[in-house]
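The values are calculated or read from the model by the stated rules, or taken from the named source; none is laboratory data. These numbers come from a predicted model, not from an experiment. We place every Cβ from the backbone using ideal geometry, glycine too, and count neighbours over all the protein chains shown. Accessible surface areas use protein heavy atoms only, side chains included; no ligands, DNA or RNA. Shrake-Rupley method; radii C 1.70, N 1.55, O 1.52, S 1.80 Å.
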Amino acid sequence: MKRINTLLATLFLAATSGAQNLNRFPKPDFESGYQYPDTHYALPNEQLWLYIDIFLLVALMSYVAWAILKKQRRKPIIWVSFLSIAYFGFFRSGCVCSIGSIQNVALAFADSAYIIPVSVFLFFMLPIAFAFLFGRVFCAGVCPFGALQELVNIRNYRLSRAVTAVLGVIPWLYLIFALLYAVTRTSFIICLYDPFIGIFRLGGDFGLIVFGSLLLLAAIFTGRPFCRFLCPYGALLSLFSKVSIWKIQITKKDCINCDLCHNACPVDAIKSPYENKVKEERMQGVKRLLMYFLFLPLIVITSAFVLRQFSPQLSKAHKDVKLYDMVMEQERNPQDLISVELEAFYIDGGNIEALQEKVRVVKQEFEFFGTIAGALIGLVLGLSLINLSLKRSRKTYEIEHGDCVACGRCFSYCPQNDFLNLKYTGK
Amino acid sequence: MKKETLHKSPIERRKFVKMLGSAIAGGTILATTGVLFSKFRTGEETHYWQIDPQKCTQCGKCETDCVLTVSAVKCFHANKICGYCDLCGGYYRSNVKELNTAAENLMCPTGAIQRKFVEDPYFEYKIDEDLCNACAKCVKGCTSFGNGSLYLQIKRDLCVDCNECQIAKVCPSNAITRVPLAQAYKLKG
């Protein structure tokens, strides 16, 4: 009877504990009074750190906003930069960051099953809200990536307008592809190809660290190459900064057109006075603009169509699609030595129909979201082209608020800002 | 006549466009917050990455794909289900000739498994976490020939809680998922 009971118990155990909870060897009967060691594993207080993260984020952004808008001083930004690099960069290893949080938010919109952590949402929304109120104060020095580039920047070689215009489209394309791969649950490419995270973590992918170092090297000679030509979050913030409620002023007095601030700006956000030489009648200009906007849908539709055609290729980055291709290859041409992915697939039962169904859904998603992404790319390209054709007359130096990263360099260059308290009266 | 009416408009055109832009931007912020706010209430709190030991196939990617240079994944040992064997599948290589601690006989490439004699014929095994690099060799041996008491798990104090776990992305058996805070570790035994 006892034996039957043990047998039943073993069977029950085998049935409930799954395939890998094996009991090949019985529990030993210790005679020496051996006690099982107490194992407990460390539990850091992550919750506390998250509160500190959010608190610092808000505090630093408010401080920068105050320094930039009210005091018009650059020094606080340098301190904030050091603090941000030390805390958000090296200590917190740069995760969660606002740049990456775009993907979580996109995924939360696309996938109702995905639960977005509140801290990630705040990291996404707070800098945007601050950009809407005060401009890109997050970029100024609170973002450790911006801070790092800001601190190494010594010389300021200006890039030509053509180069900036072309490179300026990259953040948008990066953003759109990041969204596409996030909503399809393929991968978070912003996190995957982060150039500076290896530096903050003191180790990582070799190629990316080299790329990050090259970017930093470039940042010595020209202002913030990552922020301007790569950062997808910066692109997003520039939209809100453009229409921000309180705007950064170079000086609170009148501009005297001295060109000093223009030379000081590392991100080319200060536009010099410009008089449109081509005299065009107003109505003619409006008609020209309308024509452009008629062409816009054409670009959008073409680009949407093109990316839809490419969606099967794009979907190959998805894990399931990759696995499916591998399985198909293996079925067609069986190999003895198989990859770990295939091994795991066959250990798990090797249900090809289920995988096929999954892949079908993924490909469908890619077709749908790929079309939208294509349309967005068309929109970005079209609007950038239209923007190039717009010439605005300016009488004084003006800040392009979308591009301004609130670094505060221009303040001390402006002779109208009397920082040294010279009280020069011109006598 | 037409020109006059244009001049009489209460605000300038550019100012109006800017106000419109501000309104759209503010509206977007509010709308996004509103939509996502409804998600917080239904959702749980912060989540942490953990390996499901039952799903793990010991492929060895935990060692190579973690963003940390020494992976945050470590080998855990569930003493309660260990057989305390002398010929341990996780400790010795499979074709071992002599049961001694010579390096060529041992499975662990870093010597992270410590073995202590308890009483005949039982040996206690312990993982030195500072040495363990999550190569999963011992886990594979233990799962194939023993009770499966050695298993891989993500150490919460080492893990930097990446937005998207890089190992989870390459894990062939989809064993890595986020678990709620309340369930601190997915442990065996």
Would you call B:Lys126 modelled with pLDDT of 90 or more, at the interface with another protein chain (Cβ under 10 Å from one of its Cβ atoms) and surrounded by fewer than 16 Cβ atoms within 10 Å (Cβ to Cβ)?
yes
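Take A:Phe124 and tell me if it is at the interface with another protein chain (Cβ under 10 Å from one of its Cβ atoms), among the aromatic types (Phe, Trp, Tyr) and under 12 Å from the mean Cα position of the chain (by Cα).
Spelling it out, A:Phe124 is indeed at the interface with another protein chain (Cβ under 10 Å from one of its Cβ atoms), among the aromatic types (Phe, Trp, Tyr) and under 12 Å from the mean Cα position of the chain (by Cα).
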With (1) of a type outside the set (Val, Ile, Thr); (2) farther than 29 Å from A:Val183 by Cβ; (3) open to solvent by 20 Å² or more (accessible area, probe 1.4 Å) as the list, and A:Ser81 as the residue in question, which single condition is left unmet?
(3)
Taking the condition touching a residue at least 12 places away in the same chain (Cβ under 8 Å), under 30 Å from A:Arg392 (Cα atoms) and among the β-branched types (Val, Ile, Thr), does A:Val286 pass?
no
Within region A:352-375, does at least one residue satisfy the condition of being farther than 29 Å from A:Phe177 by Cα and not basic (Lys, Arg)?
yes
I'm told A:Gln149 meets every condition in (1) crowded, with 24+ Cβ neighbours inside 10 Å; (2) within 24 Å of A:Asn387 (Cβ to Cβ) except one. Can you identify the failing condition by its number?
(2)
B:Glu63: passes all of (1) surrounded by fewer than 22 Cβ atoms within 10 Å (Cβ to Cβ); (2) within 11 Å of chain A (Cβ to nearest Cβ) but (2)
Quick one: in region B:143-172, which of the residues that are more than 19 Å from B:Ala78 (Cα to Cα), more than 9 Å from chain A (Cβ to nearest Cβ) and surrounded by 24 or more Cβ atoms within 10 Å (Cβ to Cβ) is modelled with the highest pLDDT?
B:Ile167
Any chance A:Leu43 is within 13 Å of chain B (Cβ to nearest Cβ) and either within 31 Å of the chain's Cα centre (by Cα) or modelled with pLDDT of 80 or more (or both)
yes
Among (1) open to solvent by less than 70 Å² (accessible area, probe 1.4 Å); (2) hydrophobic (A, V, I, L, M, F, W, C); (3) modelled with pLDDT under 85, the one test that A:Leu422 misses:
(1)
Answer yes if at least one residue in region A:331-346 is open to solvent by 70 Å² or more (accessible area, probe 1.4 Å) and touching a residue at least 12 places away in the same chain (Cβ under 8 Å), and no otherwise.
yes
Considering each of A:Ser84, A:Ser93, A:Ser119 in turn, give the residue that is touching a residue at least 12 places away in the same chain (Cβ under 8 Å) and assigned to a loop (DSSP other than H, G, I, E, B).
A:Ser93
Collect the residues in region A:347-363 that are within 19 Å of B:Thr57 (Cβ to Cβ), open to solvent by 40 Å² or more (accessible area, probe 1.4 Å), more than 10 Å from chain B (Cβ to nearest Cβ) and out of contact with any helix residue (DSSP H, G or I) (no Cβ under 7 Å at 6 or more places or on another chain), keeping them in residue-number order.
A:Gly349, A:Asn351, A:Ala354
Given the condition under 17 Å from A:Arg224 (Cβ atoms) and over 16 Å from the mean Cα position of the chain (by Cα), answer yes or no: does some residue in region A:171-191 qualify?
no
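Take the residues in region A:204-240 that are polar (S, T, N, Q) and more than 26 Å from B:Thr69 (Cβ to Cβ), then tell me which one is modelled with the highest pLDDT. Lay out the reasoning, then the answer.
Here is the first cut: in region A:204-240, the residues polar (S, T, N, Q) are A:213, A:222, A:238.
Filter again for more than 26 Å from B:Thr69 (Cβ to Cβ), leaving A:222, A:238.
Working: A:Thr222: 91, A:Ser238: 94.
That would be A:Ser238.
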If I ask for residues that are under 16 Å from B:Ser144 (Cα atoms), out of contact with any strand residue (DSSP E or B) (no Cβ under 8 Å at 6 or more places or on another chain) and either surrounded by 15 or more Cβ atoms within 10 Å (Cβ to Cβ) or not small (Gly, Ala, Ser) (or both), which ones from region B:81-98 would you list?
B:Ile81, B:Gly83, B:Leu87, B:Gly89, B:Asn95, B:Val96
Just checking, which of B:Val118, B:Val139 is touching a Phe, Trp or Tyr at 6+ places or on another chain (Cβ under 7 Å) and surrounded by fewer than 18 Cβ atoms within 10 Å (Cβ to Cβ)?
B:Val118
If we only count strands (runs of 3 or more DSSP E) wholly inside region B:78-173, which ones have 2 or more residues that are farther than 25 Å from B:Asp65 by Cα?
B:113-119, B:122-127
Can you name the helices (runs of 4 or more DSSP H) wholly within region A:165-283 that have at least 3 residues being out of contact with any Lys or Arg (no Cβ under 7 Å at 6 or more places or on another chain) and open to solvent by 40 Å² or more (accessible area, probe 1.4 Å)?
A:170-183, A:206-221
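With respect to B:Thr101, is the statement that it is open to solvent by 40 Å² or more (accessible area, probe 1.4 Å) and either under 23 Å from the mean Cα position of the chain (by Cα) or more than 19 Å from A:Asn23 (Cα to Cα) (or both) true?
yes
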Verdict on B:Gly189 being more than 8 Å from every other protein chain (Cβ to nearest Cβ), surrounded by 16 or more Cβ atoms within 10 Å (Cβ to Cβ) and in a helix (DSSP H, G or I):
no
Taking region B:175-185, which residues are within 11 Å of the chain's Cα centre (by Cα) and part of a loop (DSSP other than H, G, I, E, B)?
B:Ala175, B:Tyr185
When both residues are 6+ apart or on different chains and their Cβ atoms are under 6 Å apart, which pairs have a first residue that lies in region A:99-112 and is free of Cβ contacts under 8 Å to residues at least 40 places away in the same chain, and a second that is among the hydroxyl-bearing types (Ser, Thr, Tyr)?
A:Ala108/A:Tyr114
